[in-house]
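The values are calculated or read from the model by the stated rules, or taken from the named source; none is laboratory data. Everything numeric here is computed off the predicted structure, so don't read it as measured data. Positions of Cβ are generated from backbone atoms using ideal geometry, with glycine treated the same way; all protein chains shown enter the neighbour counts.
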Amino acid sequence: MHRFLLLFVYLLSSLLYSQDIDNLLRLYKSESELSKKTKDENAGSLVIFTRDDLERMQVESLKDVLKSTRYFRYFENRLGDPDLLNADPTAYSSKSIKIYLNNTELFLPVLGTGIALFGNMDMDFIDHVEIYEGFPSFEYAIEPALLIIKLYTKTPQKDAGSRVKFLVANHNSNKENVYTSDVTDNDIAYFIYANHSDNIQDSYKLSDETLKRNSHTNHFYASLEKNDYKLELNMLQKRQNSFLGELPSSVPKESTHEYSYINASLSHKFLADKSLSFQLSYLTNYGKATVEYTTPTPFTHYSKKEQDGLGNVLTFITKKEFTFDSNSLILGLQYRHKYFNFDNVKYDNIKDTTQQAYNTEDIYSLFLEESLFLTQNDLIGIAIMSQYYDRNKNMKNEAPLQLRLSYIKSLKKLTSKTFLSRQEFIPEPYMTAATHVGNPNLNPEIYNSIIQEFRYETQRILSKLILSYTEIDNFLLADATGVIQNSKNDTNTYAASLELEYHFREKDKFEVRAETLNLLGTSANIDATHINYIFRMLNSISKFDIFNEIIINTGYSDVENGYDYSAGVKYALNPDLHLSVKGENIFNKGLKRKYLYSINPTTQYISVPVIEQKFMLSLEYLF
Amino acid sequence: MKIFLILLFLTTIIQAKDKDLRLESTIYYALIKELTHSQRPKIYLADNVLSIQKFSSRFNLVKNCENANIIIVTHIKNIDSECKDKILFGTKYQTLDNKSVVGAFFWQKGRPNILFYQTRLTKYGIQLSKHFTKYIDNEK
């Protein structure tokens, strides 16, 4: 009997020990998530999509993340470009949303943001996403921002090896990509990624024309690191149908837009404590838009418009952090030179001689950010950024001032974060310099805001209550002729979000969020009360990862209410081979955006899904 | 059973700070202990291994590789010739290219991996317990 008991104890301990090594590895993998190293809870109100989240949610495109960002929703403008704050027929509205790949800003100098090009980019080389809402730390942005999306790439240190992936979806949409990375014996770390994707969507018959929203993308990213030097190269080529084109009065026969974007950056950290850093970044982008109409357009009287655009940007950033016993100070200097040329326009093959108001902009920024620990649990942050915008030709210069004050109180499980900020947004070139619709006399928009976040966290529960109020002076809106104007009266927003994240069993997670954003302006076009609910469940059972998400959205201007139910299952045939199926907007009940296509004799709209119903099958293999 | 209790204890006392490094150190301890059959193994670090250096209380770190039970290595070139007969354990997959390295604990394909080669274990007369069988591979 004793022998059986001893054998039983031995077998049990063997089993437990074996499982313990496995559990340790699983726990170690989870605790080694890169997001735990890069996130900065003190920098702003933060939403994180960890690598585990992205993998189990089968995030294929950045829009899969942006469609459920707190207060913001994924929208596209009438040209089919991602534009989260879209207010049709205004051509573009998301200039205050900034996107970064590691520490390099992705952006188009004409628009002041990279969302239009990268808002639906492929995500297979991305490790995790951090979204800072409100006005985050100046460390994160060279220009003021309402929302900063930070994408962190996978690292050679963790992802040594290679991976190929194939995806097919309805309408013959497809995506193929490969990455390979390693750290060599000489400690040179490299990561190389290449992607091709064809995103084919429904086409729409309207006024005897066929409107398309298809896009074809090639993307390449590479990084090289050694001894705290990092060199990155990011290239994207995209060709897309521009759906309705920019005119709200006509339906095009054909509309296309081609983009090419190349960005290289070099960064280094100096000193033993790596407290001094610099980054030099250069980007060049080219775009060509063509739109053709069957008959000459009313008001503008042309049948074909061709426009070339070129932009070059050089950015230099240096920062020094001084650390003392109870405080730290960051001193930063940033310089950015922008060149943009988008007045090369032909109407019916005849070159338009109108010139843009200016074509260069030099931005000088100096910031100082102090973090002071009053006690171990009380942190005060004070930040000030002085900027100078120097434009050529006769364009007026600007000298905005950005201010930020924060107070963070941490108790055992409860954290309170308060952020007060004042920021000035200088209108971007597409608003000021554009021929015909640009308004060089625009004044900066001024945002004064307060955000209060309460956060309660236990081992299994994370809950948040976030309240915010923003006053906007000189709000920018298009007038009846399409020219951007400063609103004469204040525009205010009130927002609240209540969130719960519940972790159960080993890896299962349930998230629920209810949020509202109330936008009150002087123009009837922008008054709105958005109310959204998000429910998300991530389960891992045996070799299956299961994802379910419902996003319910109501109250958007010129948008039909809807709910988007998406779900997916990922099956690990073995640790290196994964087969996935996913449905997006499965019941085809998601938000539908109304776009204006006729204003005479009556206004008429076409309504199309923001995110179309889509079913995907993918296979990935690691080797 | 004792090892299990130690591991369980070590796992439960893990604090929030540097949790990943603490866990990495714990895993190294379990692996090295299994290879050396020593409760407090004498180890020599041929290269920096932050987790072991930072959480070193369970290890007996020696400054001379000749006094070590085992050598943890990232770059084979950093091992003195007189110590190449010691048990070598790698922190990178590439270290396994050297036939003297019995196994490695490394990140690859986005996940942590443990790998031992049976022939190399046999060469050093190392018999791993059954719990590690799934981490042992036959060299091609």
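Do any helices (runs of 4 or more DSSP H) entirely within the range B:1-117 hold 1 or more residues that are at pLDDT below 90 and touching a Phe, Trp or Tyr at 6+ places or on another chain (Cβ under 6 Å), and if so, which? Spell out the reasoning first.
Values: elements: B:2-12, B:19-36, B:50-54.
The qualifying helices (runs of 4 or more DSSP H) are B:2-12.
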remark   = Considering residues that are surrounded by fewer than 16 Cβ atoms within 10 Å (Cβ to Cβ) and either in contact (Cβ under 8 Å) with a residue 12 or more places away in the chain or within 26 Å of the chain's Cα centre (by Cα) (or both), the number found within the range A:536-545 is 2
remark   = Per the list (1) under 25 Å from A:E398 (Cβ atoms); (2) part of a loop (DSSP other than H, G, I, E, B); (3) free of Cβ contacts under 8 Å to residues at least 40 places away in the same chain, residue check on A:L366 breaks on (2)
message = Out of A:Y229, A:Y259, A:Y190, I need the residue that is among the aromatic types (F, W, Y) and under 23 Å from the mean Cα position of the chain (by Cα). Which one?
response = A:Y259
request  = Mind listing whichever residues of the range B:93-140 are among the hydroxyl-bearing types (S, T, Y) and either more than 16 Å from the chain's Cα centre (by Cα) or within 11 Å of another protein chain (Cβ to nearest Cβ) (or both)?
outcome  = B:Y93, B:T95, B:T119, B:T122, B:S129, B:T133, B:Y135
Pairs with Cβ under 8 Å, 6+ apart, first in the range A:482-495 and in contact (Cβ under 8 Å) with a residue 60 or more places away in the chain, second among the aliphatic types (A, V, I, L, M) and in a strand (DSSP E or B) = A:I484/A:L476; A:I484/A:L477; A:I484/A:A478; A:A495/A:I466; A:A495/A:L467; A:A495/A:L517
message = It is to be established whether one or more residues within the range A:457-472 are buried (at least 21 other Cβ atoms within 10 Å of the Cβ), acidic (D, E) and part of a strand (DSSP E or B).
response = no
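Only one of A:P136, A:P156 is crowded, with 24+ Cβ neighbours inside 10 Å, in contact with a strand residue (DSSP E or B) (Cβ under 6 Å, 6 or more places away or on another chain) and part of a loop (DSSP other than H, G, I, E, B); which? Let's see the steps before the verdict.
Numbers: A:P156 fails: crowded, with 24+ Cβ neighbours inside 10 Å.
That would be A:P136, the only listed residue that is crowded, with 24+ Cβ neighbours inside 10 Å, in contact with a strand residue (DSSP E or B) (Cβ under 6 Å, 6 or more places away or on another chain) and part of a loop (DSSP other than H, G, I, E, B).
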note = In the range A:564-591, anything within 19 Å of A:F615 (Cα to Cα), part of a strand (DSSP E or B) and at pLDDT below 95 is listed as none
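Quick check on A:K29: is it surrounded by fewer than 20 Cβ atoms within 10 Å (Cβ to Cβ) and at pLDDT below 85?
Details: surrounded by fewer than 20 Cβ atoms within 10 Å (Cβ to Cβ): yes; at pLDDT below 85: no.
No: the conditions fail for A:K29.
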request  = Would you check which residues across the range A:159-176 are buried (at least 21 other Cβ atoms within 10 Å of the Cβ), touching a residue at least 40 places away in the same chain (Cβ under 8 Å) and within 14 Å of chain B (Cβ to nearest Cβ) and list them?
outcome  = A:R163
